[in-house]
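Q: Dumping the structure here so I can ask a few things about it.
The values are calculated or read from the model by the stated rules, or taken from the named source; none is laboratory data. All figures in this text were calculated on a predicted structure; none of them were measured in a lab. Glycine also receives a Cβ, built like all others from the backbone with ideal geometry; neighbour counts cover every protein chain displayed. Accessible surface is based on the protein model in full, side chains and every heavy atom, while ligands, DNA and RNA are left aside. Shrake-Rupley method; radii C 1.70, N 1.55, O 1.52, S 1.80 Å.
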Amino acid sequence: MSDIPNLPDDPLDSKAPQLLNLARATLSEHFDAASIGRIVQASQDIVLSKDRIQTEHMAIGSRLVQIDKIIFSKFEAASDNRRTARRNATALLIEYSQRVLDISRSTMFLHMSIYRRFLHDHKAVTLFNVGELAALVSKKVSNSTLLMVIEEKEKNQKLTSKDIRELLRQARETDDQLLGTTAQLESTRDELSKSVSIQHDLEFEIKQLRAQANQSATERDSHRAALSDAQVNLARSNGAVSELQIAIDDLTLERDRLAEQLANAKARVETKEVTREVPPAGFATIEEAIAAAEAKLERLNEEMVRLTAAKSTIDSTNTAHVDAETTSLWADLTEHFETMVAKFSRAQLRILMLNNADEYRPKLQAMAALVNRYHSELNAAINLNY
């Protein structure tokens, strides 16, 4: 049948010289060349029979697969459910093999599995016996593992089924270790990818914080310049207020003096001679001088009120500038603290990846002590009654 692997026309082509040499080496002391020739001829027949036995396993598997296809085609045509058709066909094939062919269920599946697995692998069929092939037909045996076992069998023809099972076990362990290593590598790559993503996010945040810090520094410089100007204006206002206060005090004294003169002039009357008070220059009477002084005093009081209001405004502006400078200083502190936290996270990640925490433990302890001290000072500042 065309599905049976194409074996060499004469399997002895490669074995005959070796068989003859081994026979001569073993029997030359006891037999002549003619006897050895007849023994070698019989041995060649045995080798051919053994090879035919191997190929017959493939032939049996091929015929069983052919029967299975015929049965399954019939059930598949009569059923809408392919899975049900497969199950019914397999059950009938098992019954037919047991009752008609006298082949057990396990042997039937073994022949079919050997045929399907080694249909295009003539080397495996000729190297291994049916017991060894049974160990190699499992789906758990990968193609690379099968090639490895074939190479070992070619190197050592005395390799037994037990040896093959041990090779398969070692191959499975190696595959499991490889899968574990691959999974660990993928996990490490994922963690590294996440770390890189986090690092990029932190770098972006740091860039934004730096921009905000630069803006805050510009605003702080502007506030400081405004504060300096306000302080100059305040000094000038204080000087003007002081000058007005002095002028008000002088006018108050002058008003009081004139009032006293007026009172004395009204009370003092002489029979022979009347003493007349002389009014200040520019005024006809003392009353006019007093009225002018009171008017000037009122204007000075109004100017005093205006300057006092202006001074209050400047004081409020100074307070606002001081608050703005404090806010800018706090933003600068927050930026440096967040930068420190980001650097610590990156350093901690590298320590974990390098798996050398013991080397950095003293430095971490020193940093923990420093953070605890600042934490105590922060709590004290929170509880301080401003």
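Q: Just give me the residues in the range 190-215 being touching a Leu at 6+ places or on another chain (Cβ under 9 Å) and surrounded by 15 or more Cβ atoms within 10 Å (Cβ to Cβ), in sequence order.
A: Matches in the range 190-215: SER195 only.
Q: Output the residue which, of all residues in the range 138-186 that are under 38 Å from the mean Cα position of the chain (by Cα) and in contact (Cβ under 8 Å) with a residue 24 or more places away in the chain, is farthest from ARG117 (Cα to Cα).
A: Selected residue: ASP175.
Q: Among the candidates ALA89, ALA33, which residue alone is within 19 Å of ALA16 (Cβ to Cβ), of a type in the set (A, V, I, L, M, F, W, C) and free of Cβ contacts under 8 Å to residues at least 40 places away in the same chain?
A: Answer to the check: ALA33.
Q: Could you tell me how many of the residues in the range 160-170 are surrounded by 13 or more Cβ atoms within 10 Å (Cβ to Cβ) and either hydroxyl-bearing (Ser, Thr, Tyr) or more than 11 Å from LEU136 (Cβ to Cβ) (or both)?
A: Qualifying residue count for the region: 2.
Q: Now a separate question. Just to be sure before I move on: is SER2 within 30 Å of HIS111 (Cα to Cα), at pLDDT 70 or above and not hydrophobic (A, V, I, L, M, F, W, C) in the structure I sent?
A: Criteria not met by SER2.
Q: Still on this structure, please answer the following. When only residues in the range 111-129 that are open to solvent by 50 Å² or more (accessible area, probe 1.4 Å) and assigned to a helix (DSSP H, G or I) count, which is modelled with the highest pLDDT?
A: The selected residue is ARG116.
Q: Let me ask something additional. List pairs: first in the range 363-386 and closer than 29 Å to ILE351 by Cβ, second at pLDDT below 80 and in a helix (DSSP H, G or I), Cβ under 9 Å, 6+ apart or cross-chain?
A: LEU364/GLN348; LEU364/ILE351; LEU364/ALA357; MET367/PHE344
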